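*Asks:* Take this structure first; my questions come after.
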Amino acid sequence: MQSYVAVDIGASSGRLMLANVTDGKLQLQEVHRFSNGFTEENGHDRWNIDHLINEIFSGLEKIKKMHIDHVRLAIDTWAVDYVLVGNDGNKLDDPVSYRDNRTCNAIKDLTSDLPKEYIYEKTGIQFQDFNTLYQLFTEDKAKLAKTDKIMMIPDYIGYVLTGNAVTEVTNASTTQMLSLREGLFDKDLLKKVNVYPDQFPRLVEAGTWLGNVSHKWHMRYDIPETEVITGTTHDTASAVVGTPGKGEDWAYISSGTWSLLGAELDTPENGLDAFKENYTNEWGAYGTYRFLKNIMGLWIAQCVKKEYDNQYSFADLAQLAGEEKPFQQFIDVNDKRFSNPKNMIQELQNYCQETNQKVPETPSEIMMAIYSNLSLFYANELEKLGHILGHPITTLNIVGGGSNVALMNQLTSTLAKVKVVAGPSEATAIGNILVQMITSGQIENIAQGRQLVAKSFDLKTYEPEVDQYNQVLTDYQAFLQKVAVVD
Ligand SMILES: Nc1ncnc2c1ncn2[C@@H]1O[C@H](COP(=O)(O)OP(=O)(O)O)[C@@H](O)[C@H]1O
Ligand SMILES: C[C@H](O)[C@H](O)[C@@H](O)C(=O)COP(=O)(O)O
Ligand SMILES: [Mg+2]
(Lines give C-alpha, C1' and ligand atoms only; values in the text may rest on other atoms or scores of the structure.)
(Ligands and ions follow the chains in the order given, each with its own letter.)
Protein backbone atom coordinates (compact mmCIF):
# COMPACT_ATOMS: atom_id res chain seq x y z
CA MET A 1 0.00 0.00 0.00
CA GLN A 2 1.44 3.36 -1.02
CA SER A 3 1.92 5.87 1.81
CA TYR A 4 1.87 9.56 0.97
CA VAL A 5 3.10 12.47 3.10
CA ALA A 6 1.75 15.99 2.70
CA VAL A 7 4.00 18.71 4.10
CA ASP A 8 1.59 21.65 4.46
CA ILE A 9 3.15 24.79 5.89
CA GLY A 10 0.79 27.73 6.32
CA ALA A 11 1.64 31.10 7.75
CA SER A 12 0.69 30.07 11.27
CA SER A 13 1.43 26.36 11.44
CA GLY A 14 2.98 23.48 9.56
CA ARG A 15 2.03 19.84 9.57
CA LEU A 16 3.06 16.45 8.11
CA MET A 17 -0.01 14.42 7.23
CA LEU A 18 0.34 10.71 6.43
CA ALA A 19 -2.22 9.27 4.03
CA ASN A 20 -3.20 6.10 2.22
CA VAL A 21 -6.37 4.61 0.76
CA THR A 22 -7.89 1.87 2.91
CA ASP A 23 -11.29 0.26 2.26
CA GLY A 24 -11.94 2.78 -0.50
CA LYS A 25 -11.50 5.78 1.78
CA LEU A 26 -8.65 8.27 2.15
CA GLN A 27 -7.16 7.77 5.61
CA LEU A 28 -5.39 10.88 6.93
CA GLN A 29 -3.26 11.02 10.05
CA GLU A 30 -1.56 14.07 11.51
CA VAL A 31 1.93 12.81 12.33
CA HIS A 32 3.66 16.07 13.23
CA ARG A 33 2.54 19.68 13.74
CA PHE A 34 4.79 22.64 14.38
CA SER A 35 4.54 26.39 14.72
CA ASN A 36 5.43 28.83 11.98
CA GLY A 37 5.80 32.58 12.14
CA PHE A 38 8.18 35.40 11.39
CA THR A 39 10.56 37.36 13.59
CA GLU A 40 12.67 40.43 12.99
CA GLU A 41 16.18 39.55 11.77
CA ASN A 42 18.70 41.68 9.83
CA GLY A 43 16.22 44.56 9.67
CA HIS A 44 13.24 42.66 8.25
CA ASP A 45 10.48 40.28 9.32
CA ARG A 46 11.81 36.89 8.26
CA TRP A 47 10.76 33.23 8.30
CA ASN A 48 13.06 30.69 9.96
CA ILE A 49 13.33 28.33 7.01
CA ASP A 50 15.90 26.03 8.68
CA HIS A 51 13.42 25.48 11.54
CA LEU A 52 10.78 24.40 9.01
CA ILE A 53 13.16 21.98 7.29
CA ASN A 54 14.26 20.50 10.63
CA GLU A 55 10.61 19.97 11.55
CA ILE A 56 10.05 18.10 8.27
CA PHE A 57 12.85 15.70 9.15
CA SER A 58 11.43 15.32 12.69
CA GLY A 59 8.11 14.35 11.15
CA LEU A 60 9.75 11.88 8.76
CA GLU A 61 11.62 10.29 11.69
CA LYS A 62 8.25 9.78 13.43
CA ILE A 63 6.95 8.04 10.30
CA LYS A 64 10.01 5.76 10.17
CA LYS A 65 9.33 4.84 13.81
CA MET A 66 5.89 3.69 12.61
CA HIS A 67 7.79 1.07 10.54
CA ILE A 68 6.95 2.82 7.28
CA ASP A 69 10.09 2.48 5.15
CA HIS A 70 8.98 4.16 1.92
CA VAL A 71 6.83 7.23 1.27
CA ARG A 72 6.02 9.74 -1.44
CA LEU A 73 6.02 13.37 -0.31
CA ALA A 74 5.01 16.78 -1.59
CA ILE A 75 5.46 20.22 -0.06
CA ASP A 76 3.03 23.15 -0.11
CA THR A 77 3.44 26.49 1.63
CA TRP A 78 2.21 30.09 1.56
CA ALA A 79 2.82 32.11 -1.56
CA VAL A 80 4.92 35.00 -2.89
CA ASP A 81 7.97 34.66 -0.64
CA TYR A 82 11.32 33.37 -1.89
CA VAL A 83 14.87 32.42 -0.93
CA LEU A 84 17.92 33.93 -2.64
CA VAL A 85 20.48 31.16 -3.36
CA GLY A 86 24.12 32.03 -4.08
CA ASN A 87 26.60 30.41 -6.49
CA ASP A 88 27.66 28.00 -3.75
CA GLY A 89 24.13 26.62 -3.64
CA ASN A 90 23.40 27.99 -0.18
CA LYS A 91 20.81 30.58 0.87
CA LEU A 92 22.11 34.14 1.20
CA ASP A 93 19.72 34.92 4.08
CA ASP A 94 16.50 33.82 5.71
CA PRO A 95 13.52 34.73 3.48
CA VAL A 96 11.69 37.99 4.17
CA SER A 97 8.04 37.60 5.14
CA TYR A 98 5.31 39.05 2.95
CA ARG A 99 4.12 40.97 6.01
CA ASP A 100 7.38 42.96 6.16
CA ASN A 101 6.76 46.64 5.46
CA ARG A 102 9.53 47.00 2.85
CA THR A 103 6.99 46.97 0.01
CA CYS A 104 4.49 49.44 1.46
CA ASN A 105 5.11 52.00 -1.34
CA ALA A 106 6.26 49.53 -3.99
CA ILE A 107 3.10 49.33 -6.10
CA LYS A 108 2.95 53.12 -6.45
CA ASP A 109 6.65 53.33 -7.30
CA LEU A 110 6.73 50.40 -9.74
CA THR A 111 3.53 51.40 -11.57
CA SER A 112 4.62 55.03 -11.95
CA ASP A 113 5.79 54.15 -15.46
CA LEU A 114 4.17 50.74 -15.91
CA PRO A 115 0.35 51.09 -15.74
CA LYS A 116 -1.57 48.70 -13.49
CA GLU A 117 -3.93 47.95 -16.39
CA TYR A 118 -0.92 46.75 -18.46
CA ILE A 119 0.35 44.47 -15.69
CA TYR A 120 -3.12 43.08 -14.98
CA GLU A 121 -3.85 42.39 -18.65
CA LYS A 122 -0.54 40.46 -18.85
CA THR A 123 -0.74 38.53 -15.59
CA GLY A 124 -4.34 38.66 -14.33
CA ILE A 125 -2.91 38.77 -10.81
CA GLN A 126 -4.29 40.92 -7.97
CA PHE A 127 -2.38 43.97 -6.76
CA GLN A 128 -1.05 43.05 -3.34
CA ASP A 129 2.06 44.95 -2.28
CA PHE A 130 3.59 41.71 -0.98
CA ASN A 131 3.62 40.03 -4.40
CA THR A 132 7.06 38.78 -5.41
CA LEU A 133 7.23 41.42 -8.14
CA TYR A 134 7.26 44.20 -5.52
CA GLN A 135 9.46 42.31 -3.10
CA LEU A 136 12.13 41.92 -5.84
CA PHE A 137 11.60 45.58 -6.81
CA THR A 138 12.59 46.59 -3.27
CA GLU A 139 15.11 43.75 -2.72
CA ASP A 140 18.68 44.48 -1.60
CA LYS A 141 20.36 45.07 -4.98
CA ALA A 142 23.78 43.81 -3.79
CA LYS A 143 22.16 40.54 -2.66
CA LEU A 144 20.27 40.21 -5.94
CA ALA A 145 23.54 40.64 -7.86
CA LYS A 146 25.06 37.75 -5.83
CA THR A 147 22.00 35.57 -6.45
CA ASP A 148 22.36 32.51 -8.66
CA LYS A 149 18.77 31.29 -8.17
CA ILE A 150 15.54 32.78 -6.79
CA MET A 151 13.54 29.92 -5.32
CA MET A 152 9.97 30.14 -4.06
CA ILE A 153 9.66 28.80 -0.48
CA PRO A 154 8.31 25.29 -1.25
CA ASP A 155 10.66 24.89 -4.23
CA TYR A 156 13.59 25.84 -1.98
CA ILE A 157 12.56 23.22 0.57
CA GLY A 158 12.31 20.61 -2.22
CA TYR A 159 15.76 21.69 -3.42
CA VAL A 160 17.28 21.26 0.07
CA LEU A 161 15.72 17.80 0.38
CA THR A 162 16.65 16.52 -3.11
CA GLY A 163 19.25 18.85 -4.63
CA ASN A 164 16.91 19.53 -7.54
CA ALA A 165 15.53 23.03 -8.18
CA VAL A 166 12.36 23.87 -10.09
CA THR A 167 9.72 26.63 -10.08
CA GLU A 168 6.22 25.18 -9.86
CA VAL A 169 3.60 27.20 -11.75
CA THR A 170 0.75 27.50 -9.21
CA ASN A 171 3.06 29.31 -6.80
CA ALA A 172 5.00 31.06 -9.59
CA SER A 173 1.75 32.71 -10.66
CA THR A 174 1.52 34.48 -7.30
CA THR A 175 4.70 36.42 -8.18
CA GLN A 176 2.57 38.56 -10.58
CA MET A 177 5.34 37.97 -13.12
CA LEU A 178 3.94 35.04 -15.13
CA SER A 179 2.43 35.93 -18.50
CA LEU A 180 -1.03 34.39 -19.00
CA ARG A 181 -0.50 34.32 -22.76
CA GLU A 182 3.02 32.86 -22.91
CA GLY A 183 2.95 30.79 -19.73
CA LEU A 184 6.43 32.08 -18.91
CA PHE A 185 7.98 34.78 -16.74
CA ASP A 186 7.27 38.05 -18.54
CA LYS A 187 10.47 39.59 -19.89
CA ASP A 188 9.37 43.21 -19.29
CA LEU A 189 8.48 42.50 -15.67
CA LEU A 190 11.72 40.57 -15.06
CA LYS A 191 13.65 43.51 -16.53
CA LYS A 192 11.72 45.94 -14.32
CA VAL A 193 13.14 44.22 -11.24
CA ASN A 194 16.63 43.51 -12.66
CA VAL A 195 16.17 39.74 -12.70
CA TYR A 196 17.48 37.52 -15.50
CA PRO A 197 15.15 34.76 -16.80
CA ASP A 198 17.57 32.00 -15.72
CA GLN A 199 17.66 33.28 -12.14
CA PHE A 200 14.43 31.36 -11.65
CA PRO A 201 14.78 27.58 -12.00
CA ARG A 202 12.80 26.03 -14.87
CA LEU A 203 9.02 26.18 -14.65
CA VAL A 204 7.20 22.87 -14.07
CA GLU A 205 3.55 21.89 -13.81
CA ALA A 206 2.11 20.61 -10.54
CA GLY A 207 2.53 16.83 -10.31
CA THR A 208 6.14 16.54 -11.50
CA TRP A 209 8.64 14.02 -10.05
CA LEU A 210 11.41 15.97 -8.32
CA GLY A 211 13.69 13.23 -6.98
CA ASN A 212 14.59 11.25 -3.89
CA VAL A 213 15.59 12.80 -0.58
CA SER A 214 19.39 12.99 -0.83
CA HIS A 215 21.52 10.29 0.73
CA LYS A 216 23.26 12.84 2.99
CA TRP A 217 20.01 13.33 4.91
CA HIS A 218 19.72 9.58 5.48
CA MET A 219 23.15 9.77 7.11
CA ARG A 220 21.83 12.36 9.60
CA TYR A 221 18.23 11.28 10.15
CA ASP A 222 16.56 7.89 10.44
CA ILE A 223 13.90 8.50 7.82
CA PRO A 224 12.02 6.43 5.22
CA GLU A 225 13.09 6.21 1.59
CA THR A 226 11.30 9.32 0.31
CA GLU A 227 10.36 10.13 -3.28
CA VAL A 228 9.54 13.85 -3.62
CA ILE A 229 6.88 15.01 -6.03
CA THR A 230 6.49 18.70 -6.88
CA GLY A 231 2.75 19.03 -6.32
CA THR A 232 0.55 22.11 -6.13
CA THR A 233 3.18 23.90 -4.10
CA HIS A 234 1.05 26.97 -3.37
CA ASP A 235 -0.97 25.87 -0.34
CA THR A 236 -4.14 27.51 -1.61
CA ALA A 237 -3.82 25.62 -4.89
CA SER A 238 -3.65 22.41 -2.88
CA ALA A 239 -6.63 23.55 -0.78
CA VAL A 240 -8.72 24.09 -3.91
CA VAL A 241 -7.84 20.62 -5.23
CA GLY A 242 -8.88 19.16 -1.88
CA THR A 243 -12.18 21.06 -1.77
CA PRO A 244 -15.07 18.68 -2.56
CA GLY A 245 -16.97 21.20 -4.66
CA LYS A 246 -19.26 20.00 -7.42
CA GLY A 247 -21.50 21.38 -10.15
CA GLU A 248 -21.27 24.75 -11.85
CA ASP A 249 -22.22 27.36 -9.24
CA TRP A 250 -19.91 26.50 -6.34
CA ALA A 251 -17.27 28.71 -4.78
CA TYR A 252 -14.75 28.10 -2.04
CA ILE A 253 -13.14 29.85 0.90
CA SER A 254 -9.79 28.46 1.93
CA SER A 255 -10.08 29.72 5.50
CA GLY A 256 -6.75 29.66 7.31
CA THR A 257 -4.49 32.53 8.20
CA TRP A 258 -5.95 34.10 5.07
CA SER A 259 -9.44 33.63 3.71
CA LEU A 260 -9.10 33.03 -0.04
CA LEU A 261 -12.58 33.36 -1.57
CA GLY A 262 -13.03 32.35 -5.18
CA ALA A 263 -14.02 29.93 -7.91
CA GLU A 264 -12.22 27.37 -10.07
CA LEU A 265 -12.18 28.47 -13.74
CA ASP A 266 -10.99 26.78 -16.94
CA THR A 267 -9.97 30.11 -18.45
CA PRO A 268 -8.70 33.28 -16.76
CA GLU A 269 -11.07 36.20 -16.07
CA ASN A 270 -8.89 39.33 -16.30
CA GLY A 271 -11.47 41.78 -17.61
CA LEU A 272 -12.31 45.25 -16.34
CA ASP A 273 -14.71 44.15 -13.58
CA ALA A 274 -12.14 41.68 -12.21
CA PHE A 275 -9.44 44.37 -12.39
CA LYS A 276 -11.62 46.93 -10.60
CA GLU A 277 -12.49 44.46 -7.84
CA ASN A 278 -8.83 43.29 -7.62
CA TYR A 279 -9.64 39.64 -8.17
CA THR A 280 -6.72 37.40 -9.07
CA ASN A 281 -6.14 34.53 -11.53
CA GLU A 282 -3.66 32.41 -9.67
CA TRP A 283 -2.84 29.28 -11.64
CA GLY A 284 -4.42 26.09 -10.39
CA ALA A 285 -3.67 22.43 -10.95
CA TYR A 286 -4.02 20.90 -14.44
CA GLY A 287 -4.56 24.13 -16.37
CA THR A 288 -7.29 25.58 -14.13
CA TYR A 289 -7.32 29.08 -12.68
CA ARG A 290 -8.03 30.13 -9.10
CA PHE A 291 -10.14 33.23 -9.56
CA LEU A 292 -10.09 34.58 -6.03
CA LYS A 293 -9.71 37.44 -3.62
CA ASN A 294 -7.46 37.58 -0.55
CA ILE A 295 -9.39 38.40 2.61
CA MET A 296 -7.51 39.21 5.82
CA GLY A 297 -8.99 36.09 7.41
CA LEU A 298 -8.26 34.45 10.72
CA TRP A 299 -4.90 36.18 10.90
CA ILE A 300 -6.87 38.68 12.94
CA ALA A 301 -7.99 35.94 15.36
CA GLN A 302 -4.44 34.55 15.55
CA CYS A 303 -3.10 37.94 16.63
CA VAL A 304 -5.88 38.34 19.22
CA LYS A 305 -5.19 34.84 20.62
CA LYS A 306 -1.50 35.74 21.05
CA GLU A 307 -2.40 39.07 22.68
CA TYR A 308 -4.47 37.16 25.23
CA ASP A 309 -1.22 35.24 25.94
CA ASN A 310 -2.73 32.12 24.37
CA GLN A 311 -4.89 31.58 27.45
CA TYR A 312 -7.76 30.63 25.12
CA SER A 313 -7.76 27.91 22.48
CA PHE A 314 -9.34 28.76 19.14
CA ALA A 315 -12.29 26.58 20.15
CA ASP A 316 -12.59 28.64 23.38
CA LEU A 317 -12.54 31.89 21.38
CA ALA A 318 -15.24 30.61 19.02
CA GLN A 319 -17.36 29.61 22.01
CA LEU A 320 -16.87 33.03 23.65
CA ALA A 321 -18.01 34.75 20.47
CA GLY A 322 -21.27 32.83 20.65
CA GLU A 323 -22.13 34.66 23.87
CA GLU A 324 -22.58 37.92 21.93
CA LYS A 325 -25.02 39.22 19.34
CA PRO A 326 -23.49 39.66 15.86
CA PHE A 327 -23.07 42.91 13.94
CA GLN A 328 -22.58 45.26 16.90
CA GLN A 329 -20.12 47.20 14.72
CA PHE A 330 -18.95 47.20 11.12
CA ILE A 331 -15.27 46.65 10.27
CA ASP A 332 -13.60 46.60 6.86
CA VAL A 333 -11.49 43.54 7.69
CA ASN A 334 -9.35 44.13 4.57
CA ASP A 335 -8.20 47.55 5.76
CA LYS A 336 -4.37 47.56 5.49
CA ARG A 337 -4.15 48.60 9.16
CA PHE A 338 -4.98 45.01 10.13
CA SER A 339 -2.18 43.55 7.99
CA ASN A 340 0.53 43.67 10.68
CA PRO A 341 -0.36 46.05 13.55
CA LYS A 342 1.66 46.23 16.77
CA ASN A 343 -1.50 45.28 18.71
CA MET A 344 -4.51 43.88 16.87
CA ILE A 345 -7.00 44.34 19.74
CA GLN A 346 -6.03 47.99 20.04
CA GLU A 347 -6.23 48.41 16.26
CA LEU A 348 -9.76 46.96 16.18
CA GLN A 349 -10.85 49.19 19.07
CA ASN A 350 -9.27 52.31 17.54
CA TYR A 351 -11.03 51.55 14.26
CA CYS A 352 -14.42 51.36 15.99
CA GLN A 353 -13.70 54.54 17.96
CA GLU A 354 -12.67 56.43 14.81
CA THR A 355 -15.81 55.31 12.98
CA ASN A 356 -18.02 56.27 15.94
CA GLN A 357 -19.17 52.74 16.66
CA LYS A 358 -19.57 50.55 19.73
CA VAL A 359 -16.08 49.55 20.83
CA PRO A 360 -15.69 45.81 21.56
CA GLU A 361 -14.02 45.40 24.97
CA THR A 362 -14.25 41.79 26.21
CA PRO A 363 -12.78 38.70 24.49
CA SER A 364 -16.29 37.59 23.52
CA GLU A 365 -17.12 41.00 22.04
CA ILE A 366 -13.78 41.13 20.18
CA MET A 367 -14.21 37.65 18.72
CA MET A 368 -17.82 38.20 17.65
CA ALA A 369 -16.74 41.44 15.99
CA ILE A 370 -14.10 39.50 14.03
CA TYR A 371 -16.31 36.58 13.03
CA SER A 372 -19.39 38.62 12.13
CA ASN A 373 -17.43 41.09 10.02
CA LEU A 374 -15.58 38.30 8.21
CA SER A 375 -18.98 36.76 7.45
CA LEU A 376 -20.27 40.09 6.14
CA PHE A 377 -17.15 40.55 4.02
CA TYR A 378 -17.56 37.03 2.61
CA ALA A 379 -21.23 37.65 1.73
CA ASN A 380 -20.36 40.93 0.03
CA GLU A 381 -17.57 39.32 -2.00
CA LEU A 382 -19.75 36.36 -3.00
CA GLU A 383 -22.21 38.83 -4.52
CA LYS A 384 -19.38 40.47 -6.49
CA LEU A 385 -17.99 37.09 -7.56
CA GLY A 386 -21.37 36.05 -8.93
CA HIS A 387 -21.70 39.36 -10.77
CA ILE A 388 -18.25 39.09 -12.39
CA LEU A 389 -18.78 35.44 -13.37
CA GLY A 390 -22.28 36.15 -14.67
CA HIS A 391 -24.06 33.58 -12.50
CA PRO A 392 -25.00 33.48 -8.82
CA ILE A 393 -23.08 31.25 -6.43
CA THR A 394 -25.40 28.68 -4.83
CA THR A 395 -22.96 26.58 -2.78
CA LEU A 396 -19.97 27.78 -0.78
CA ASN A 397 -17.39 25.22 0.37
CA ILE A 398 -15.44 26.50 3.38
CA VAL A 399 -12.26 24.52 4.09
CA GLY A 400 -9.24 25.00 6.33
CA GLY A 401 -9.07 25.64 10.05
CA GLY A 402 -11.74 28.32 9.82
CA SER A 403 -14.30 25.70 8.72
CA ASN A 404 -14.38 24.69 12.40
CA VAL A 405 -16.14 27.97 13.30
CA ALA A 406 -19.81 26.91 13.09
CA LEU A 407 -20.97 30.42 14.03
CA MET A 408 -19.20 31.93 11.03
CA ASN A 409 -20.36 29.17 8.68
CA GLN A 410 -23.97 29.80 9.70
CA LEU A 411 -23.77 33.61 9.57
CA THR A 412 -22.19 33.41 6.10
CA SER A 413 -24.89 31.03 4.84
CA THR A 414 -27.69 33.32 6.09
CA LEU A 415 -26.13 36.59 4.93
CA ALA A 416 -25.13 35.27 1.49
CA LYS A 417 -28.25 33.11 1.09
CA VAL A 418 -26.12 30.14 0.00
CA LYS A 419 -25.66 26.59 1.20
CA VAL A 420 -22.38 26.32 3.09
CA VAL A 421 -20.53 22.99 3.08
CA ALA A 422 -17.87 23.11 5.78
CA GLY A 423 -14.74 20.94 5.69
CA PRO A 424 -12.37 19.25 5.47
CA SER A 425 -10.29 21.49 7.74
CA GLU A 426 -7.14 19.85 6.30
CA ALA A 427 -8.20 20.32 2.66
CA THR A 428 -4.78 21.74 1.83
CA ALA A 429 -2.96 18.59 2.90
CA ILE A 430 -5.65 16.47 1.23
CA GLY A 431 -5.28 18.33 -2.05
CA ASN A 432 -1.52 17.89 -1.80
CA ILE A 433 -2.07 14.13 -1.43
CA LEU A 434 -4.56 13.95 -4.32
CA VAL A 435 -2.02 15.49 -6.71
CA GLN A 436 0.55 12.91 -5.59
CA MET A 437 -2.03 10.14 -6.18
CA ILE A 438 -2.76 11.47 -9.69
CA THR A 439 0.98 11.63 -10.46
CA SER A 440 1.32 8.08 -9.13
CA GLY A 441 -1.59 6.90 -11.27
CA GLN A 442 -3.62 5.80 -8.24
CA ILE A 443 -6.51 8.09 -9.27
CA GLU A 444 -7.35 9.57 -12.66
CA ASN A 445 -8.08 13.24 -12.00
CA ILE A 446 -9.31 15.93 -9.60
CA ALA A 447 -12.98 14.96 -10.01
CA GLN A 448 -12.26 11.42 -8.88
CA GLY A 449 -10.17 12.81 -6.03
CA ARG A 450 -13.00 15.06 -4.86
CA GLN A 451 -15.40 12.11 -4.86
CA LEU A 452 -12.91 10.29 -2.65
CA VAL A 453 -12.75 13.32 -0.30
CA ALA A 454 -16.54 13.59 -0.07
CA LYS A 455 -16.85 9.96 1.02
CA SER A 456 -13.83 9.99 3.32
CA PHE A 457 -14.45 13.05 5.52
CA ASP A 458 -17.37 14.43 7.54
CA LEU A 459 -18.71 17.57 5.89
CA LYS A 460 -21.22 19.80 7.69
CA THR A 461 -23.93 21.63 5.77
CA TYR A 462 -25.48 24.97 6.73
CA GLU A 463 -28.60 26.43 5.11
CA PRO A 464 -29.68 30.10 5.32
CA GLU A 465 -31.72 30.73 8.46
CA VAL A 466 -34.89 32.84 8.44
CA ASP A 467 -33.26 36.08 7.57
CA GLN A 468 -33.45 38.29 10.62
CA TYR A 469 -30.38 40.07 9.19
CA ASN A 470 -32.12 41.18 6.02
CA GLN A 471 -30.87 44.76 6.08
CA VAL A 472 -27.45 44.16 7.67
CA LEU A 473 -25.56 43.25 4.49
CA THR A 474 -26.94 46.31 2.68
CA ASP A 475 -25.92 48.54 5.60
CA TYR A 476 -22.45 46.93 5.62
CA GLN A 477 -22.02 47.55 1.90
CA ALA A 478 -22.96 51.21 2.44
CA PHE A 479 -20.45 51.37 5.31
CA LEU A 480 -17.67 49.95 3.09
CA GLN A 481 -18.45 52.59 0.46
CA LYS A 482 -18.24 55.29 3.11
CA VAL A 483 -14.88 54.19 4.54
CA ALA A 484 -13.34 53.16 1.20
CA VAL A 485 -9.77 54.41 0.91
CA VAL A 486 -9.19 55.86 -2.55
CA ASP A 487 -6.04 54.30 -4.06
N1 LIG B 1 -11.30 24.26 16.58
C2 LIG B 1 -11.25 25.48 16.09
N3 LIG B 1 -12.18 26.40 16.45
C4 LIG B 1 -12.14 27.65 15.94
N5 LIG B 1 -11.21 28.09 15.07
C6 LIG B 1 -10.28 27.20 14.68
C7 LIG B 1 -10.24 25.87 15.16
N8 LIG B 1 -9.18 25.24 14.56
C9 LIG B 1 -8.58 26.15 13.76
N10 LIG B 1 -9.25 27.32 13.83
C11 LIG B 1 -8.94 28.55 13.07
O12 LIG B 1 -8.21 28.15 11.92
C13 LIG B 1 -7.01 28.94 11.81
C14 LIG B 1 -5.87 28.09 11.27
O15 LIG B 1 -6.31 27.50 10.07
P16 LIG B 1 -5.21 26.71 9.18
O17 LIG B 1 -5.92 26.30 7.94
O18 LIG B 1 -4.52 25.70 10.01
O19 LIG B 1 -4.21 27.93 8.91
P20 LIG B 1 -2.78 27.96 8.18
O21 LIG B 1 -2.78 26.90 7.15
O22 LIG B 1 -2.75 29.35 7.61
O23 LIG B 1 -1.74 27.79 9.23
C24 LIG B 1 -6.69 29.42 13.19
O25 LIG B 1 -6.09 30.70 13.10
C26 LIG B 1 -8.08 29.51 13.88
O27 LIG B 1 -8.59 30.82 13.77
C1 LIG C 1 0.44 35.83 0.69
C2 LIG C 1 -0.52 34.87 0.03
O3 LIG C 1 -1.63 35.53 -0.44
C4 LIG C 1 -0.87 33.80 1.00
O5 LIG C 1 0.22 32.92 0.98
C6 LIG C 1 -2.11 32.99 0.58
O7 LIG C 1 -2.12 32.79 -0.83
C8 LIG C 1 -2.03 31.68 1.24
O9 LIG C 1 -1.68 30.73 0.62
C10 LIG C 1 -2.34 31.63 2.68
O11 LIG C 1 -2.37 30.30 3.15
P12 LIG C 1 -2.55 30.12 4.73
O13 LIG C 1 -2.71 28.64 4.89
O14 LIG C 1 -1.28 30.66 5.35
O15 LIG C 1 -3.77 30.91 5.11
MG1 LIG D 1 -3.05 26.75 5.22
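The values are calculated or read from the model by the stated rules, or taken from the named source; none is laboratory data. Small disclaimer: the values here were computed from a predicted structure and weren't measured. Ideal geometry is used to build each Cβ from the backbone, glycine not excepted, and the neighbour counts take in all protein chains shown. Only protein heavy atoms, including side chains, enter the accessible area calculation; ligands, DNA and RNA are left aside. Shrake-Rupley method; radii C 1.70, N 1.55, O 1.52, S 1.80 Å.
*Asks:* In percent, what relative contact order does the range 4-235 have, based on Cα pairs under 8 Å that are 6 or more apart in sequence?
*Replies:* 23 percent
*Asks:* Whole-Å semi-axes of the range 156-221's equivalent ellipsoid, largest first, each the root of 5 times a Cα gyration tensor eigenvalue?
*Replies:* 28, 13, 8
*Asks:* If the reach is capped at under 22 angstrom between alpha carbons, list the lysines near Lys65, excluding any in the same chain fewer than eight residues apart.
*Replies:* Excluding near neighbours in sequence, the set is Lys216.
*Asks:* Amide H neighbours of His32 under 5 Å, counting only residues 5+ apart in sequence or on other chains, H built in-plane at 1.01 Å?
*Replies:* Long-range HN contacts for His32: Leu16.
*Asks:* Give the distance, in whole Å, between the Cα centre of the range 396-472 and the Cα centre of the range 285-347.
*Replies:* Result: 19 Å between the Cα centres.
*Asks:* Which net charge results when you count Lys and Arg as +1 and Asp and Glu as -1 among the other residues whose beta-carbon is under 13 Å from that of Thr288?
*Replies:* Spelling it out: positives minus negatives among the neighbours equals -3.
*Asks:* Please report, in whole Å³, the volume per residue of the convex hull around the C-alpha atoms of the range 4-235.
*Replies:* Measuring per residue, one finds 126 Å³ for the Cα hull of the range 4-235.
*Asks:* As a test question: what accessible area, to the nearest 10 Å², does Thr230 have when a 1.4 Å probe is rolled over all protein chains in place?
*Replies:* Surface open to solvent at Thr230 totals about 10 Å².
*Asks:* What is the local net charge at Lys482, summed over the other residues whose Cβ is closer than 12 Å to its Cβ (Lys, Arg +1; Asp, Glu -1)?
*Replies:* Taking every Cβ under 12 Å from that of Lys482, the sum is -2.
*Asks:* In whole Hz, with x marking every Gly and Pro, tabulate ³J(HN,Hα) for the range 341-348 from phi via Karplus 6.51 cos²θ - 1.76 cosθ + 1.60, θ = phi - 60°.
*Replies:* Values per residue, Gly and Pro as x: x, 5, 9, 5, 4, 4, 4, 5 Hz.
*Asks:* Rolling a 1.4 angstrom probe over the protein heavy atoms, how many square angstrom per residue are accessible across the chain?
*Replies:* Averaged over the residues of the chain, the accessible area is 40 Å².
*Asks:* Indicate, rounded to the nearest 5 percent, the antiparallel portion of the DSSP beta bridges found entirely in the chain.
*Replies:* Antiparallel bridges: around 70 percent, rounded to the nearest 5.
*Asks:* Take every Cα-Cα distance within the chain, group them into 20 Å bins from 0 onward, and report for each bin the whole-number percent of pairs it holds.
*Replies:* The percentages, shortest bin first, are 24, 59, 17, 0.
*Asks:* Rounded to a whole number, what % of the accessible area of the range 345-487 do carbon and sulfur atoms account for, probe 1.4 Å?
*Replies:* 49 percent
*Asks:* Next question. Report the Cα centroid-to-centroid distance between the range 84-112 and the range 160-220 in angstrom, as an integer.
*Replies:* First find each Cα centre; the distance between them is then 16 Å.
*Asks:* Moving on to the next point. So which lysines pass the test for Lys146, namely a Cα distance under 24 Å, with those fewer than 8 places away in the same chain ruled out?
*Replies:* Result set, ordered by chain and number: Lys91, Lys187, Lys191, Lys192.
*Asks:* Let me ask something additional. Among DSSP bridges having both ends in the range 4-235, what percentage is antiparallel? Round to the nearest 5.
*Replies:* 70 percent
*Asks:* Separate question: At a threshold of 8 angstrom on Cα-Cα distance, excluding pairs fewer than six apart, so keeping six or more, what relative contact order does the chain reach in percent?
*Replies:* Worked out over the chain, it gives 15 percent.
*Asks:* Arrange the peptides 20-28, 167-175, 101-109 so that the one whose residues have, on average, the most other Cβ atoms within 10 Å appears first.
*Replies:* Highest mean packing first, the order is 167-175, 101-109, 20-28.
*Asks:* Among the lysines, which have Cα under 17 Å from the Cα of Lys246 when same-chain residues fewer than 8 positions away are ignored?
*Replies:* Lys419, Lys455, Lys460
*Asks:* A further question on this structure: What's the ranking of 393-406, 448-461 by average number of surrounding C-beta atoms within 10 Å, highest first?
*Replies:* 393-406, 448-461
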